[in-house]
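The values are calculated or read from the model by the stated rules, or taken from the named source; none is laboratory data. Predicted model, so just to flag it, every value in this text is computed and none were measured. Neighbour counts run over all protein chains shown; Cβ positions are idealised from the backbone, glycine included.
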Amino acid sequence: MNTSSPVRDAAVTAGAAVRLTGLRKSYGEVRAVDGIDLTIAPGEVVALLGPNGAGKSTTVDMILGLSKPDTGDVTVFGSSPAEAVKAGSIGAMLQGGALLDDATVGEMVTMVASLHRNPMPVREALSRAGIEDLANRRGNKLSGGQKQRARFAVALVSDPDLLLLDEPTAAMDVASRREFWRSMQAFTDSGRTVMFATHYLEEAEEFADRVVLMRSGRIVADGSVAQVRALAGGRTLRAVVPGATGDAIANLPCVTEFRLRGGQIAVSSSDSDKTLRALLTAYPDAHDIEITAVGLEGAFLTLTSEEQE
Ligand SMILES: Nc1ncnc2c1ncn2[C@@H]1O[C@H](COP(=O)(O)OP(=O)(O)OP(=O)(O)O)[C@@H](O)[C@H]1O
């Protein structure tokens with residue numbers, strides 16, 4: 001996975017869009033972020049993946065300067081988060097980020113634009129977010145998906161070099177989601193940097209150049225979608241297994257997930273050779289056996305399972 005050279009690394013680090021060094025943040029006993037080092041180059045589109053509680057939002061909050069690391073460093077385009085926000089270099093769309101109930105979408109975006117030195121025209125931000133027709137709608141009259149797009153317009157209006165998005169499409173229907181990513185692509189085509197946290201693996205697969213997978217406050221995989229898939233090294237094993245029971249299949253070695261329906265099993269395994277040998281010992285009549293490489297979803301489950309601890 002490591003295709004970089006020290007010289008290239010140094011160059012990327014010097015001009016990094018985001019640089020996290022030894023980042024740690026605890027809430028009481030909970031180590032939300034437990035030692036993260038990450039450098040994102042300008043122009044990269046990075047998906048931050050991980051199960052609930054992995055530390056994604058905590059990381060995004062620290063990049064934005066909304067919370068302070070216990071130890072470690074964050075720089076955004078070489079500056080502190082506060083300076084980068086002040087300079088309008090960062091746009092953010094956070095989970096449940098507040099919108100004003102009584103202001104219209106147009107007023108909210110105009111208000112945020114007025115806080116920045118070189119904002120894009122409000123019309124353009126609304127149009128890029130696909131909500132020109134909602135400019136006069138009040139915040140409390142927006143649907144969940146429309147609220148997300150209003151937040152997107154707010155994030156865009158400073159014309160930022162870095163966009164941070166925490167589960168941006170969470171409340172959107174399929175059509176809105178597609179439309180959202182089309183706008184996003186137009187934004188990234190102009191060389192901007194985007195980091196987005198998502199639970200939709202297909203979004204990471206389709207839109208990210210790079211996938212950073214977190215578990216328990218740490219980075220457990222970092223690379224292109226293909227590299228992360230390969231790193232999991234997992235396979236899916238399918239077979240017809242007469243007499244199979246859920247318990248027995250779950251207890252086969254190296255099984256990370258399984259499905260059993262009408263005597264047919266589909267098992268995700270971190271070592272399909274071991275799983276298959278045990279399967280055939282327990283069920284010599286198993287037949288129609290098929291083994292395939294995992295998709296990103298399988299890699300995600302393998303790399304974030306507790307067994308990896
Ligand atoms: N303000 C807080 N006070 C106490 N604990 C917190 C706080 N914020 C986060 N945590 C804890 O820190 C851990 C990481 O949470 P975080 O929200 O960063 O995870 P996440 O990966 O964004 O999860 P999700 O996918 O559910 O949004 C969790 O165990 C969470 O309960």
When you check GLU206 against the structure, is it surrounded by fewer than 16 Cβ atoms within 10 Å (Cβ to Cβ) and touching a residue at least 24 places away in the same chain (Cβ under 8 Å), yes or no? yes
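Yes/no matrix, rows are residues, columns are (1) under 16 Å from ALA197 (Cβ atoms); (2) at pLDDT below 90; (3) within 16 Å of the ligand (Cβ to nearest atom):
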{"residue": "ARG8", "(1), (2), (3)": "no, yes, no"}
{"residue": "ALA14", "(1), (2), (3)": "no, yes, no"}
{"residue": "SER26", "(1), (2), (3)": "no, no, yes"}
{"residue": "GLY35", "(1), (2), (3)": "no, no, yes"}
{"residue": "LEU38", "(1), (2), (3)": "yes, no, yes"}
{"residue": "GLU44", "(1), (2), (3)": "yes, no, no"}
{"residue": "THR58", "(1), (2), (3)": "yes, no, yes"}
Could you please find all residues in segment 46-56 being crowded, with 23+ Cβ neighbours inside 10 Å and either near the ligand (Cβ under 7 Å from one of its atoms) or at pLDDT below 90 (or both)? GLY50, ALA54, GLY55, LYS56
Taking into account only those residues within segment 82-94 that are within 16 Å of the ligand (Cβ to nearest atom) and buried (at least 21 other Cβ atoms within 10 Å of the Cβ), which is farthest from VAL18 (Cα to Cα)? MET93
Kindly indicate whether THR104 is touching a residue at least 12 places away in the same chain (Cβ under 8 Å), within 12 Å of the ligand (Cβ to nearest atom) and of a type outside the set (Asp, Glu). no
Looking at segment 202-214, is at least one residue farther than 20 Å from GLY50 by Cα, touching a helix residue (DSSP H, G or I) at 6+ places or on another chain (Cβ under 9 Å) and not aromatic (Phe, Trp, Tyr)? no
Identify, by number, the condition in (1) farther than 21 Å from SER57 by Cα; (2) of a type in the set (A, V, I, L, M); (3) buried (at least 17 other Cβ atoms within 10 Å of the Cβ) that ALA226 doesn't meet. (3)
When you check VAL105 against the structure, is it buried (at least 20 other Cβ atoms within 10 Å of the Cβ), within 23 Å of ARG178 (Cβ to Cβ), of a type in the set (Val, Ile, Thr) and touching a helix residue (DSSP H, G or I) at 6+ places or on another chain (Cβ under 9 Å), yes or no? yes
Filter segment 245-263 down to residues that are in contact (Cβ under 8 Å) with a residue 40 or more places away in the chain and either β-branched (Val, Ile, Thr) or crowded, with 21+ Cβ neighbours inside 10 Å (or both), then give me how many there are. 1
Search result, residues across segment 209-218 that are within 16 Å of the ligand (Cβ to nearest atom) and either surrounded by fewer than 19 Cβ atoms within 10 Å (Cβ to Cβ) or part of a loop (DSSP other than H, G, I, E, B) (or both): SER216, GLY217, ARG218
Which is without any contact (Cβ under 8 Å) to a residue 40 or more places away in the chain and either outside any loop (DSSP other than H, G, I, E, B) or out of contact with any helix residue (DSSP H, G or I) (no Cβ under 8 Å at 6 or more places or on another chain) (or both), of ALA221, ALA239, ALA299, ALA266? ALA266
Return the pair list, or none, for Cβ contacts closer than 7 Å from residues in segment 52-69 that are more than 12 Å from ARG218 (Cα to Cα) to residues that are among the acidic types (Asp, Glu) and within 8 Å of the ligand (Cβ to nearest atom), at least 6 apart or on different chains. SER57/ASP166; VAL60/ASP166; SER67/ASP61
What pairs can you find where one residue is in segment 154-175 and in contact (Cβ under 8 Å) with a residue 24 or more places away in the chain and over 21 Å from SER143 (Cα atoms), the other is within 16 Å of the ligand (Cβ to nearest atom) and among the acidic types (Asp, Glu), and their Cβ atoms are less than 8 Å apart, with a gap of 6+ or different chains? none
Residue in segment 281-296 that is farther than 24 Å from GLY43 by Cα and free of Cβ contacts under 8 Å to residues at least 24 places away in the same chain present: yes
Out of the residues in segment 60-74 that are within 12 Å of the ligand (Cβ to nearest atom) and assigned to a loop (DSSP other than H, G, I, E, B), state the one that is surrounded by the most Cβ atoms within 10 Å (Cβ to Cβ). SER67
Looking only at segment 173-205, filter to residues that are in a helix (DSSP H, G or I) and within 16 Å of the ligand (Cβ to nearest atom); which one of those is farthest from ALA155 (Cα to Cα)? LEU201
